[in-house]
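Please read the structure below before turning to the comments.
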């Protein structure tokens, strides 16, 4: 049994090195892993038979024969990723083994379980049409809510009619693919770790805002869910009023920063109905009243990020969600507020802040990343 576990660990290690390096030789793999060349060759043969890697030709010589280079076969397997978090549309992507988006679709829905299920079935059909079903390893759905990963069930969702409805089981029965559920911030954090702004970090926190606020925590390259699956639920964190005094029960982070709060603040100042898209445009156009509202949003989010950084001391905090729509001006404000809270030379001040590299479809890519991560770890 120990030998089997050791072989699995070596296979995972070699496959990850091939993926991360782009191209690498057998000799380099042996040097980096400490494994013997015959062991490396045997594992490479297994991966080749499974279609996971390709030989790409000969590399540069270091004095002897030119080595044969290896790379990940990105077209060997695919995964469907779905973002169930928008008020009006369900977004989906088909990703290859490198996390590249091969196809994308969006469908409107009504927030009733039967409708959600039917739209998901239709979305998966559209995304997988024309692709060899044998190569599609599964469907990862990033949902707004809390997921029990042991039972693969949504145990709590304040916004969607999917709680304890056996969504994964029923959808798998309809589409004949394996279906895996994950919390939206966790999925997005995994996408950034594998394919985005977090590729060079082992410990990071992804923070998202929009309809609500949440955080995905990655420790040593793996999602950290806590003892009961609710790690990262920072939306009900209390934030201080501008005076510095917290108002207990009234000043929750998500209530002060969600899109609805931004719209309400803008309508109060402008004394008229105003859409979020109008607010975005006014912000980019330099409207001072709108800038003040968005700047306060950045201050609240930075305050929460400071607390997270102090507690977890990650290498990086990655900002995603609707903050991406606000652009570099918003990120600059967020970064300034974040760094102003770290005067001195303590370890927390070394935490970097970055914008999401996966963009608007990052959560959907995260759903696919959950499946692809299982492929890379030989769990499916």
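Just so it is clear, none of the values below were taken in a lab; they were calculated from the coordinates. Computed from a predicted model, the values in this text were never measured in an experiment. Please note: Cβ atoms are built from the backbone with ideal geometry, for glycine as well, and neighbour counts cover all protein chains shown.
Please give the helix 2-21 orientation as an angle from the longest Cα principal axis of the chain, in degrees from 0 to 90, rounded to the nearest 10.
70 degrees
At 222 nm, what value in deg cm²/dmol follows for the chain if DSSP H runs of at least 4 each add -39500 (n - 2.57) and the sum is divided by all its residues, to the nearest 500?
Computed mean residue ellipticity for the chain: -13500 deg cm²/dmol.
From the mean inverse distance of alpha carbon pairs (Kirkwood) and the Cα radius of gyration, derive Rg over Rh for segment 1-111.
Details: Rg = 18.8 Å, Rh = 16.3 Å.
Ratio of gyration radius to Kirkwood radius for segment 1-111: 1.15.
Consider just the alpha-carbon atoms of the chain and return their Rg together with their Dmax, both in angstrom.
Radius of gyration, then largest Cα-Cα span, for the chain: 22.6, 76 Å.
What distance in nm separates the simple spin-label points at residue 39 and residue 310, each placed 7 Å from Cα in the Cβ direction?
Placing both labels 7 Å beyond Cα along the Cβ direction yields 4.6 nm.
If you line up the long axis of helix 276-285 against the longest principal axis of the chain, both from Cα atoms, how many degrees apart are they, to the nearest 10?
That helix lies at roughly 90 degrees to the long axis.
Where does helix 37-49 land angle-wise versus the long Cα axis of the chain, in degrees 0 to 90, nearest 10?
Once rounded, one gets 70 degrees.
Listed highest first by mean packing, meaning other Cβ atoms within 10 Å per residue, what order do 145-157, 194-206, 74-86, 101-113 come in?
Descending mean neighbour count gives 74-86, 194-206, 145-157, 101-113.
Quote the relative contact order of the chain in percent (integer), defining contacts as alpha-carbon pairs under 8 Å separated by 6+ residues.
This gives 17 percent for the chain.
Describe numerically, in nm with one decimal, the distance between label points set 7 Å from Cα along Cα→Cβ at residue 224 and at residue 325.
With each label placed 7 Å out from Cα toward Cβ, I get 3.1 nm.
Could you compute the FRET efficiency for residue 101 and residue 271, with r as their C-beta to C-beta distance and R0 at 51 Å, rounded to 0.05?
That pair, residue 101 with residue 271, gives E of 0.75.
Report the residues of segment 19-40 in range of a label on residue 50: point 7 Å along Cα→C-beta, backbone N strictly under 13 Å from it.
Within reach of a label on residue 50, which here means backbone N under 13 Å from a point 7 Å along Cα→Cβ, segment 19-40 contributes 19.
In segment 97-201, if every C-alpha pair distance is counted and binned at 5 Å from zero, what percent goes to each bin?
Pair shares across the bins are 2, 11, 20, 23, 21, 15, 6, 1, 0.
Take the alpha-carbon centre of segment 107-123, take the same for segment 270-347, and report the distance between them in whole Å.
Segment 107-123 and segment 270-347 have Cα centres spaced 33 Å from each other.
Using the basic label-point model (7 angstrom from Cα toward the beta carbon), what is the residue 88 to residue 289 distance in nanometres?
2.5 nm
Taking 0.36 nm per intervening residue step and subtracting the Cα-Cα distance, what contour gain separates residue 13 from residue 60 on full extension?
Details: separation 47, 0.36 × 47 = 16.92 nm, distance 2.36 nm.
The residue 13-residue 60 span can extend by a further 14.6 nm.
Give, in nm to one decimal, the length gained when the segment between residue 113 and residue 176 is fully stretched (0.36 nm per residue of separation minus the Cα-Cα distance).
Taking 0.36 nm per residue and subtracting the Cα distance, the gain is 20.8 nm.
Can you tell me the mean projection area, over all orientations, of the convex hull of segment 199-357's alpha carbons? Units nm², please.
10.1 nm²
At 0.36 nm per residue, and after removing the present C-alpha to C-alpha distance, how many nm does the segment from residue 23 to residue 121 gain when stretched out fully?
In short, 31.5 nm is gained.
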